[in-house]
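Structure, as structure tokens:
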Amino acid sequence: MSKQHQYAVSLAWTGNDGGGTQSYRSYRRDHEITVAGKPAIPGSSDPAFRGDRARYNPEELLVASLASCHMLWYLHLCAVNGIAVVDYRDEAGGTMQEEEDGGGAFVRVLLQPRVTIAPGGDRGKALALHAQAHHLCFIARSMRFPVDVAAQIAD
């Protein structure tokens, strides 16, 4: 039996300097993303689009969501398969293609998890579980562009 899960996120634009959006340059792209009971995430647009580089942009958050979802599934699968992960790090990256009309789309995300397992662990099994984690990741399954995983296992 399938289940549905709902997620409520609030977003508030905080970049009105008094004149609103009178022109392209008259406002900041700053905003806050909140979920009840959690710290706010300071957001903006990419600096290429007049955003504040000190704040998270939607593109970074998309890549982070993919990396986080993969990691959480992977850790779960390792736990239930007897693989003791002692460290997990990912240097994920995404490529967005901007079009002449100003629109665009992501064309690829590359996850590069570097996993350390406890000595004596099954490196082959640890590596293979990345494919299953990728298959199960809710976020990756929702994308219409390739999400590649180039995992490495250390012990």
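Just so it is clear, none of the values below were taken in a lab; they were calculated from the coordinates. Bear in mind the structure is a predicted one, so any value in this text is a computation, not a measurement. A quick note on method: Cβ atoms are made from the backbone with ideal geometry, for glycine too, and the neighbour counts reach across all protein chains shown.
State yes or no: is Leu110 among the hydrophobic types (A, V, I, L, M, F, W, C) and over 23 Å from Ala48 (Cβ atoms)?
Criteria not met by Leu110.
In this structure, is Ile139 β-branched (Val, Ile, Thr) and in contact with a Leu (Cβ under 6 Å, 6 or more places away or on another chain)?
On the way: β-branched (Val, Ile, Thr): yes; in contact with a Leu (Cβ under 6 Å, 6 or more places away or on another chain): yes.
Here the answer is yes, as Ile139 does meet what is asked.
Do you know which of the residues in the stretch 97-155 that are acidic (Asp, Glu) and assigned to a loop (DSSP other than H, G, I, E, B) is farthest from the chain's Cα centre (by Cα)? Before the answer, list the steps.
Of the stretch 97-155, the ones acidic (Asp, Glu) are 98-101, 122, 148, 155.
Keeping just the survivors that are assigned to a loop (DSSP other than H, G, I, E, B) gives 99-101, 122, 155.
Details: Glu99: 22, Glu100: 26, Asp101: 26, Asp122: 28, Asp155: 26 Å.
Out of the qualifying residues, it is Asp122.
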